[in-house]
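Heads up: the structure comes next, in structure tokens.
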Amino acid sequence: MNKQVPFLANIEKLTLENTYFRQVIFTAPHSQVVLMSILPGEDIGTEVHHVDQFFRFEAGQGKAIVDGKEYALLDGTALLVCAGSEHNIINTGKKPLKLYTIYSPANHIDGRIHKTKAEAMRMKRMKRLGLRRRGFWEKWTKKGAGHSSQPHRT
């Protein structure tokens, strides 16, 4: 029987220390843990996923817009966006909005890091345009501690 190594970490510490716009830290067969840091005035961009997405906010303030309705986001707030719902997360504060999100099932390439929103948007455009060439995606993928085949402990 092939068993998956569990994810075990101080998620609050990892989230608060993260400075990347998006960092995939663990991918399991049916879910994925991603850290995010959204700068003041930034948002994740309006999107619709075919997967459920859980958000937990650890620092900062912002608002979520889900299917046209606004929700306040503060430290300690949790939000679950169901598959098929249009949503956006917006930082309305003066400090980075720190959060982690869990996709079920996974939504990003394991180990993916986008240091900035601009980098994430550039990669999204390239993917949409089909600009895939051998080795390109690997350059943008971090292998190591967050890779699903290894334990992640802090």
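Rounded to 0.05, the FRET efficiency of the T19 and T92 pair, given R0 = 22 Å and the Cβ-Cβ distance, is 0.65. Rounded to the nearest 0.05, what FRET efficiency is calculated for T116 and L74 with R0 set to 22 Å and r the Cβ-Cβ distance? So the FRET efficiency works out to roughly 0.35.
Just so you know, all these numbers are worked out from the coordinates, no wet-lab data involved. Note that the structure is predicted; figures quoted are calculated from it, not measured. FYI the Cβ positions are ideal-geometry reconstructions off the backbone, even for glycines, and counts take in every protein chain you see.
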